[in-house]
1. Are any residues in the range 64-78 surrounded by 12 or more Cβ atoms within 10 Å (Cβ to Cβ) and closer than 27 Å to residue 34 by Cβ, and if so, which ones?
2. I need a count of the residues in the range 23-77 that are polar (S, T, N, Q) and out of contact with any strand residue (DSSP E or B) (no Cβ under 9 Å at 6 or more places or on another chain).
3. Residue check: is residue 81 open to solvent by less than 70 Å² (accessible area, probe 1.4 Å), more than 16 Å from residue 42 (Cα to Cα) and not in a helix (DSSP H, G or I)?
4. Pull up the range 18-68, narrow it to residues that are modelled with pLDDT of 90 or more and among the hydroxyl-bearing types (Ser, Thr, Tyr), then point me to the one that is farthest from residue 4 (Cα to Cα).
5. Out of 51, 43, 28, report the one residue that is farther than 9 Å from residue 62 by Cβ and in contact with a helix residue (DSSP H, G or I) (Cβ under 9 Å, 6 or more places away or on another chain).
Amino acid sequence: MTIDSNWASVMTPDYVYVGIVKRDEFDRIALPATDHGAANPDRLLLTKTARDPSGCTVVFQHWYGPTPAERAAAEAAAQAVELLRAGRKVPA
């Protein structure tokens, strides 16, 4: 199930995290992006960070690619199709 709305969360008095669901909306934010996918290939993440001189930091986040659960479901479906093609019973 895909969430189709953005969200914001205040983690500390100095940090606000904003999740941007749609990539095109994330790309419109005029800040440089950092790709965290190499450090965490199970949950691919892009961030853009804005720091206010008063000390508040806003971190915009966009997750891309399939989640671990989506990858597991796709793999299970592919295995079930292979079993069906081989004429074998698919486990429940």
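The values are calculated or read from the model by the stated rules, or taken from the named source; none is laboratory data. Every value quoted in this text rests on a predicted model; they were computed, and no experiment measured them. With ideal geometry, Cβ positions are generated from the backbone for all residues, glycine too; neighbour counts draw on all protein chains shown. When the accessible area is computed, the model is the full protein with side chains, heavy atoms only, and any ligands, DNA or RNA have been set aside. Shrake-Rupley method; radii C 1.70, N 1.55, O 1.52, S 1.80 Å.
1. Passing the criteria: 64, 65, 66, 67, 70, 71.
2. Total meeting the criteria: 3.
3. Taking the combined requirement at face value, the residue does not satisfy it.
4. 57
5. The match here is 43.
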